[in-house]
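Trainee: Questions regarding the structure given below will be posed in turn.
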Amino acid sequence: MDRAQQRSPWGWVPTLYFNQGIPYFAVTALSTAMYKDLGISNADMAFYTAWLYIPWVIKPLWSPLIDMFGTKRSWVAILQMLLGVSLAAVAFTLPLSNFFQLSLGVMWLMAFSSATHDIAADGFYMLGLRQKQQAEFVGVRGTFYRAANVACNGGMLFLAGEVIKYYGNPRLAWGIAFGAAGAVFLALAVYHFFALPKPAQDKPVAHTSAPMREFFATFAAFFRKEGIVVSVLFLLLFRLGESQLLKMVVPFLKDPLEKGGLGLSTADVGIAYGTVGIIGLILGGLAGGWLISRFGLKRCLWPFAIAIHIPDLIFVYLSQFQPQDFIWISSCLAVEQFGYGLGFTSFMMYMIMVSQGEHKTAHYSICTGFMALGMMLPQMVSGKMQEILGYQHFFIYACTATVPAFIMTALLKIDAEFGRE
């Protein structure tokens, strides 16, 4: 029997995807809060941190190399060590006068390493589990991936906020937070070196004496898939509104009332959004995985598309009325994030469906590249749009930008049994 089948997925799937999420959320989300505390404007913060998505956009360019050389397991082990060091390195840039440029440089390294790790980890997931298990654990992997969001936007954000309260030094606070994250990440990397299974099929894809021809053939095979134009447009447009809203949530929660925000402290944001809100997202992810495994992706896609986008109206309410009850704010965020968890689970499962075939690792990476491009481009302008419109009108604009997602959902063709037990 394959060693991957002898070792329980519960022993490695949760921690693998927790570690996959840490650098991603540190780069794409936690950096937003950090630079906000360090005095960077919304427009500059959104523009420069949005550029950090580029490695996830272009990672399909080198994803075939992960298939062709080495095992997925060895790629995971090496990259996790590099990522742990990168997280800790951010802390050393913050006391310096040119911290913004230097920290962005380290985050670029982290982003490229994280994007490559995603390719290897996602490929390892599909090699180490049978298709039925892939459907069963899609909610689990999404849940623990989002648990990394709790650790970053909850734990690290709260830790930084408490240090700021005590010492009044944001640079020191964020240095401690990133240093702690690096230590935890490296500890899990060591665990994975021993805990990850060794699937018999985890080996380089057989290639000919013309590897570059095979390299391009991998991409050609993806774009020859049936209905690929609609699939690509769906990946690009499904999160058009959500991506812009997502980039402005933390600045909105932190900005004072007179600027249209809710005036929460860094620590309060860590509790309300990074902990309570993400718990709602995790529950949504678990529910989404269970519902897809029971009813199939096709029957769940429309309800989940509604679930991820309609709750965006909560931010319209929050920006219009600026409530100050902390429990009520936290509850609103939890509801919105629960819907996000449902919708994102179906989005992940759709990418798994599109990537089925001989080059599933590379093709899944291509899917996530289009997903990242659909996040990056709207987020680059989100800060400037917010400064022009103000929070009240910005969130209305973000909600109207969800319309293309419903149009593309209506055009998809999905096997009625895919994802169903």
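Trainee: Inspect all residues belonging to the range 375-393 and state whether any of them is surrounded by fewer than 23 Cβ atoms within 10 Å (Cβ to Cβ), on the phi > 0 side of the Ramachandran plot and over 21 Å from the mean Cα position of the chain (by Cα).
Mentor: The answer is yes, given that some residue of the range 375-393 is surrounded by fewer than 23 Cβ atoms within 10 Å (Cβ to Cβ), on the phi > 0 side of the Ramachandran plot and over 21 Å from the mean Cα position of the chain (by Cα).
Trainee: For ASP122, are the conditions met, namely being more than 17 Å from the chain's Cα centre (by Cα) and assigned to a helix (DSSP H, G or I)?
Mentor: So ASP122 fails the test.
Trainee: Can you list residue pairs whose Cβ atoms sit under 9 Å apart, with the first residue in the range 251-263 being exposed (fewer than 14 other Cβ atoms within 10 Å of the Cβ) and the second being at pLDDT 90 or above? Count only pairs 6 or more apart in sequence or on different chains.
Mentor: Going by the 9 Å Cβ cut-off, the qualifying pairs are PRO256/LEU262; PRO256/GLY263; LEU257/GLY263; LEU257/GLN322; LEU257/GLN324; LYS259/GLY390; LYS259/TYR391.
Trainee: While we're looking at this one, here's another question. Taking the residues in the range 340-368 that are buried (at least 23 other Cβ atoms within 10 Å of the Cβ) and of a type in the set (Gly, Ala, Ser) as candidates, determine which candidate is nearest to PHE406 (Cα to Cα).
Mentor: GLY343
Trainee: Among the residues of the range 400-421, count how many are closer than 23 Å to TYR350 by Cα and not in a loop (DSSP other than H, G, I, E, B).
Mentor: Qualifying residue count, the range 400-421: 9.
Trainee: Could you tell me whether ALA267 is in contact with a helix residue (DSSP H, G or I) (Cβ under 9 Å, 6 or more places away or on another chain) and surrounded by 20 or more Cβ atoms within 10 Å (Cβ to Cβ)?
Mentor: When the stated conditions are applied, ALA267 does not pass them.
Trainee: Follow-up. Only one of these conditions is not met by VAL230: (1) under 21 Å from THR402 (Cα atoms); (2) surrounded by fewer than 22 Cβ atoms within 10 Å (Cβ to Cβ); (3) modelled with pLDDT under 85. Which number is it?
Mentor: (3)
The values are calculated or read from the model by the stated rules, or taken from the named source; none is laboratory data. Since the model is a prediction, treat every value here as computed from it, not as a measurement. Cβ atoms come from the backbone with ideal geometry, glycine included; neighbour counts cover every protein chain shown.
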